[in-house]
Every structure is written in structure tokens, then in C-alpha cells.
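Asks: Structure in C-alpha cells, see below.
Nothing in this text is a laboratory measurement; each read-out follows from the coordinates by a stated rule. Here the structure is a predicted model, which is why all the values come from computation and not from measurement.
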Amino acid sequence: MSVAAGAFLIFAASQVGTPGPANMALMATGARFGFKAALPFVVGVALGKQLIIWPIGFGLMEVIATVPWLFTALKYISAAYIIWLAWKVANLRLNTEQTTSKAPGFAAGLIVHPLNPKAWAMIVGGFTAFVEPGTPTLYATAVIAACLLACQIVLHPIWTFAGHKIAQTVAGTRVETYLMWTLAALTVASVLFVLFA
């Protein structure tokens, strides 16, 4: 009765570090508002995943098993929201100058993962593939939560900083449009992969 924490940490790092809706939002926020201004959003995104880890660990999957259509509906509603965000990213133009609009804050970051189908799939996969049957719920959930938070603390700021640096390089050039459409396409691709894989 245990959690394969080492193996899960590798899995979590591969999932948290690859392109997806959250990382695209972090990159776009860093690009648009700068690294420092985006930090409250980064913290919100990292902690927002905890809002789904703990309910899943403590039995949300059992509820979903009894009402499967609810999970399907939530999955497609979340996917539609992420695709809408991708459209906004595609049409976003970078600005390395001072902007009059404010960067999204902590509260905006909190809702990113609860509406992210990739996050749901990653967490459910963590519980089903890396937790042995009979492992105490609190222990299993705490290990999954700690591993994911550790990966996010390291990798989410990197995505945000990358966006900031990319903006300094391509803002106002012809490459900017292609970059934003590529980021949007990667976001949509990651959502479609989760929906149909």
C-alpha cells in the first residue's frame, strides 16, 4: 500500500512541462505583461490544481462513476473554454512597453486548472496508475498533490519567463503573428488530445 512517488514525479514533470492550456496561458501572460507582473497569476495557477486534486483523491471519481454524463459534459465545457482562450491568444499582440491594462491576478490563475481537461486527465491518471489499491486516501492524495505542486513551482515560472523573453525578441515583428497562432494551435491540440486520446 503505497504511492510510486518517484515514477509519478517523472510523469508529473513530463505533463506539467509540456505545452498545454495552463502553460500557454502562463507564456501569454508573461509575454503580454512581463514576468514580475505575471507572478500572482503564476501562483494562482499552481495552487488552482490543488482545487481538483483533493476532491478527486477523496472520492469525486466515485461520484463521476455514478453520473458519467456529468463528467463528459464538464469535459466538453472545459474544452470549449480553453479553445476560446486559445483564440484570444492567437489574436493577442505582444507589448513590451508599459500597458494600461492589468495582468490577470491570483484569482484568475486559480480557475485555470479546474477548467483544464489536461489537468483532470493528469490527476486521474496519477491516482489510477501510481497509487496501489488500499493506500490510505490522505497519504495518496498528499503525495500526488506535493509532487504536482513541486513540478509547478519549478516549471510554471519558466514558461512565464520564456513568454517574457520571447516578447522582447519578437514583439512588433512579422514573427509575432505566427508565434501567437502557433501557441494557440498547441493549446487546442493539447485539449483535443485529452478529449479523444
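Asks: Can you tell which of Ala38, Ala22, Ala107 shows the greatest fluctuation in a Gaussian network model of the chain with Cα springs below 10 Å?
Replies: Ala107
Asks: Additional query: Against the globular-protein guess of 2.2 N^0.38 Å, express the Cα radius of gyration of segment 94-174 as a ratio, rounded to two decimals.
Replies: Normalised by 2.2 N^0.38 Å, the Cα Rg of segment 94-174 equals 1.53.
Asks: Residue separation times 0.36 nm, minus the C-alpha to C-alpha distance between Thr173 and Thr18: what's the value?
Replies: Between Thr173 and Thr18, full extension yields an extra 53.2 nm.
Asks: Per the Kirkwood treatment, what hydrodynamic radius in Å, one decimal, follows for the chain from the mean inverse distance over all distinct Cα pairs?
Replies: Radius from the Kirkwood sum: 17.3 Å.
Asks: Using helices alone, I'd like the mean residue ellipticity at 222 nm for the chain: each DSSP H run of four-plus residues gives -39500 (n - 2.57), total over residue count, nearest 500.
Replies: -25000 deg cm²/dmol
Asks: Let me ask something additional. Helix 174-196 sits at what angle to the longest principal axis of the chain, using alpha carbons and giving 0 to 90 degrees rounded to 10?
Replies: 20
Asks: Right, next: Where does helix 137-170 land angle-wise versus the long Cα axis of the chain, in degrees 0 to 90, nearest 10?
Replies: 10
Asks: Over segment 1-50, what number does the Rg to Rh ratio reach, with both radii from the alpha-carbon atoms and Rh per Kirkwood?
Replies: Reported Rg/Rh, Kirkwood definition of Rh: 1.10.
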